[in-house]
Structures are given as structure tokens and as C-alpha cells.
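Notes follow once the structure below has been shown.
The values are calculated or read from the model by the stated rules, or taken from the named source; none is laboratory data. Please read these numbers as outputs of a predicted model, since none were measured by experiment. Note: ideal-geometry Cβ built from the backbone for every residue, glycine included; neighbour counts use all protein chains shown. Just the protein is used for accessible areas: all its heavy atoms, side chains included, with ligands, DNA and RNA removed. Shrake-Rupley method; radii C 1.70, N 1.55, O 1.52, S 1.80 Å.
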Amino acid sequence: VNMFDRLPNSCTACSKPFDKLDRDMVMSWNVIVRDEEKKVNLYCPSCWEKANEILEDFKNKLKEKHADVCQENKT
């Protein structure tokens, strides 16, 4: 709350404009606060979804790699 004045006017990733008075935007966009850096990042729903897809894909690839390494160690 104390860093509300640092809230950007657009998506940090794609620069899509953000209207602080639009209730739908306020409820659907994601805010990430980095206290130590005194930084506020704002993400539109599409960029947030894409980032989550990338993270999920990365997580699955790590699991696959770990399973492969474990399998190699068994042989």
C-alpha cells in the first residue's frame, strides 16, 4: 500500500495501458511488489498467463531432466 504511487500506468512486459479507475482492470491485473528494490511491477492478464505457461513448461522440463538423470543412475 505504501508503494501505490509507484504503480505503473502500463503492463511491465507489453506496455498495454492500465486504467487505475477501471474496476475490471484493477481486479484482473497482477501486481508484484519488490520491497527491497522499492519497485512495483504490473502485468496484464495475457502477459501473466504467458509467464505462467513458460514457468510451467520450464518446471516440466526440469522434472523430465531429473527423471532422466535418475534413470541413468539406476543403470
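For Cα pairs less than 8 Å apart in space and 6+ apart in sequence, what is the mean separation divided by the residue count of the chain, i.e. the relative contact order in percent? Spell out each step's value before the answer.
On the way: 59 pairs, mean separation 18.9, N = 75.
Contact order relative to length: 25 percent.
Which net charge results when you count Lys and Arg as +1 and Asp and Glu as -1 among the other residues whose beta-carbon is under 11 Å from that of residue 41?
+2
With all pairs of different alpha carbon atoms counted, what Kirkwood hydrodynamic radius in Å does the chain show?
14.7 Å
Taking the chain as the reference, fit the longest principal axis to its C-alpha atoms, fit the long axis of helix 45-74 to the helix C-alpha atoms, and give the angle between the two in degrees, 0 to 90, nearest 10.
With both axes taken from Cα atoms, the answer is about 20 degrees.
Give, as a single signed number, the net charge of other residues whose beta carbon lies under 14 Å from the beta carbon of residue 70, with Lys and Arg counted +1 and Asp and Glu -1.
That works out to 0.
Once neighbouring chains are kept in place and the probe is 1.4 Å, which whole percent of the accessible area of the chain is contributed by carbon and sulfur?
On the chain, the fraction of accessible area on carbon and sulfur atoms equals 53 percent.
So what is the accessible area of the chain per residue, in Å², with the probe set to 1.4 Å? Spell out each step's value before the answer.
Working: 6370 Å² over 75 residues.
About 85 Å² of surface per residue is accessible.
How big is the charge dipole of the chain about its Cα centre, in debye rounded to the nearest 20, if each Lys and Arg gets +1 on its Cβ and each Asp and Glu gets -1 on its Cβ?
Result for the chain is approximately 120 debye, rounded to the nearest 20.
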